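Engineer: Have a look at the structure that comes next, please.
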Amino acid sequence: VADNYRIYCMGAAGWFSANGEYPQADIDALDAYLDSAPTDVPIFIAAHFPLHYFAGSSSGWGGSSGRTITNADKMIDVLNEHPNAVFFWGHNHSQSDPEYGTIKTAGDSITYASGKSKDIKFTYASVGAIYDDDQTMYSGVVATVSDSGDKVIFRHWNAGNGKQLGDTYTVNFAG
């Protein structure tokens, strides 16, 4: 807890399956926390599994049937009630995942199951964690919060050489 932001760590079940799950009890706990949290500063939600569907391939993580996270649609509904929520996800084993290294903001959509998507009102950010054959992390995300909490600047960095990857994203939280 800080004056200009909050951090909430989200649990996840199904660690050993390709699909993963957000149990309803964890979703309810997040909902209760967000309902009692301030609305004028970003609330960073650190999570293992993403919310989006990934079609995958027979050679990439997700297999030929893809990856769907159980209850992702319910998580999106809860997060959509809180535009100051920033959902950070890190579980990813494939750079072919179209959401790897991206940041989505209010007005974008998330495909949470094959053929099913929802528009979002919160921020959805990939924090990296792709590994090469030597198990060396490719990238991570740095989020800088303004003193007043009304702005967050996101930058993806190569963890190996310290160089910025891609664009800088700024999200304004001022009402």
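Engineer: Restricting attention to segment 66-86, does a residue exist that is assigned to a loop (DSSP other than H, G, I, E, B), at pLDDT 90 or above, of a type in the set (Asp, Glu) and within 21 Å of Ala113 (Cβ to Cβ)?
Structural biologist: In the first step, residues of segment 66-86 are kept if they are assigned to a loop (DSSP other than H, G, I, E, B); the result is 66, 68-69, 71, 81-84.
Narrowing the set further to residues that are at pLDDT 90 or above leaves 71, 81-84.
Next cut, of a type in the set (Asp, Glu) only: 81.
Those still in the list that are within 21 Å of Ala113 (Cβ to Cβ) too: 81.
Yes.
Engineer: Which of the following residues is at pLDDT 80 or above, buried (at least 16 other Cβ atoms within 10 Å of the Cβ) and in contact with a strand residue (DSSP E or B) (Cβ under 7 Å, 6 or more places away or on another chain): Thr123, Thr168, Thr144? So that I can check it myself, show each step before the final result.
Structural biologist: Values: Thr168 fails: buried (at least 16 other Cβ atoms within 10 Å of the Cβ); Thr144 fails: buried (at least 16 other Cβ atoms within 10 Å of the Cβ).
Going through Thr123, Thr168, Thr144 in turn, the sole match is Thr123.
Engineer: What pairs come out if I take residues in segment 148-164 that are within 22 Å of Tyr124 (Cβ to Cβ) and pair them with residues that are of a type in the set (Lys, Arg) whose C-beta lies under 9 Å away, six or more apart or interchain?
Structural biologist: Final answer for the pair search is Trp157/Lys163; Gln164/Arg155.
Engineer: Moving on. Need the failing condition index for Gly107 against (1) buried (at least 16 other Cβ atoms within 10 Å of the Cβ); (2) at pLDDT 85 or above; (3) part of a loop (DSSP other than H, G, I, E, B); (4) of a type outside the set (Ser, Thr, Tyr), just the number.
Structural biologist: (1)
Engineer: Here is a follow-up. Could you count how many residues in segment 36-56 are charged (D, E, K, R) and free of Cβ contacts under 8 Å to residues at least 40 places away in the same chain?
Structural biologist: Qualifying residue count for the region: 0.
The values are calculated or read from the model by the stated rules, or taken from the named source; none is laboratory data. Note that the coordinates shown come from a computational prediction; the quantities given were computed from them, not determined experimentally. Cβ atoms come from the backbone with ideal geometry, glycine included; neighbour counts cover every protein chain shown.
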